[in-house]
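The values are calculated or read from the model by the stated rules, or taken from the named source; none is laboratory data. Keep in mind that this is a model prediction, so the values were computed, not measured. Don't worry about glycine lacking a Cβ; one is built from the backbone with ideal geometry, like all the others, and counts go over all protein chains shown.
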Amino acid sequence: MKSVDIVRWYVFYTKPRFEKKIHQKLIAKGIESYLPLIKVWRQWSDRKKLIEEPLFKSYIFAHVDEKGRLTVLQTEGIVRCVSFNGRVAVVPDEQIEYVKKIVEHKQDSLKVTDTLYKGTKVKVISGPLTGMEGYVGYVDEDKWVVFNIEAVNHSIRVKLSREEVVKVLDPEPEEKKETYKFKKIL
């Protein structure tokens, strides 16, 4: 299979507040697109309302091959395909699945931030997010697990209890392999 025929998750930058319109247009074109939405309360002068808004403002994901990527770029409201250092950003399938799980199961404790790289790497061992890996961060003295989505340069922070995660040990180089002694973690 040629590299142009491989279907991947690409990230596209949109005009502000065009995400939902573009998502509908892509679906109408038969293109698999993903727009993670979260429910938030918004206050107006006369009322308070629960609305859905994009998790990542001005970003949308499309699962396409190279030809499909060019089709998405021609869609009204798409500004560009996200790239880093001249290379088109591709999101691994498992990261899209992580985002879907988080949006589905942890809406009430969800915060999106710019990418964070500090903390201890952990793996979720119980609950609907089992198997996901992320990094521990501290916000307002609460423990948050951070799941980085590098292609959009953002992270999702989810509040998890100590019992839901275990520390992930980084593998040692081949010449330094030893028996590990496990201690209580976190």
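Scan region 118-129 and give yes if some residue there is surrounded by 15 or more Cβ atoms within 10 Å (Cβ to Cβ), modelled with pLDDT under 90, assigned to a helix (DSSP H, G or I) and not assigned by TED's automatic domain parsing to the domain that holds Y13, otherwise no.
No, there is no match, as no residue in region 118-129 is surrounded by 15 or more Cβ atoms within 10 Å (Cβ to Cβ), modelled with pLDDT under 90, assigned to a helix (DSSP H, G or I) and not assigned by TED's automatic domain parsing to the domain that holds Y13.
Being farther than 29 Å from I51 by Cα, out of contact with any Cys (no Cβ under 7 Å at 6 or more places or on another chain) and either of a type outside the set (S, T, N, Q) or at pLDDT below 80 (or both) is the requirement here; does L186 meet it?
Numbers: farther than 29 Å from I51 by Cα: yes; out of contact with any Cys (no Cβ under 7 Å at 6 or more places or on another chain): yes; either of a type outside the set (S, T, N, Q) or at pLDDT below 80 (or both): yes.
Against the criterion (farther than 29 Å from I51 by Cα, out of contact with any Cys (no Cβ under 7 Å at 6 or more places or on another chain) and either of a type outside the set (S, T, N, Q) or at pLDDT below 80 (or both)), L186 qualifies.
Just to verify a result, which residue in region 34-73, among those that are within 21 Å of V4 (Cα to Cα) and of a type in the set (K, R), is surrounded by the most Cβ atoms within 10 Å (Cβ to Cβ)?
R69
Considering only residues that are surrounded by fewer than 17 Cβ atoms within 10 Å (Cβ to Cβ) and in contact with a helix residue (DSSP H, G or I) (Cβ under 6 Å, 6 or more places away or on another chain), which ones fall in region 1-33?
Scanning region 1-33 gives a single hit, V4.
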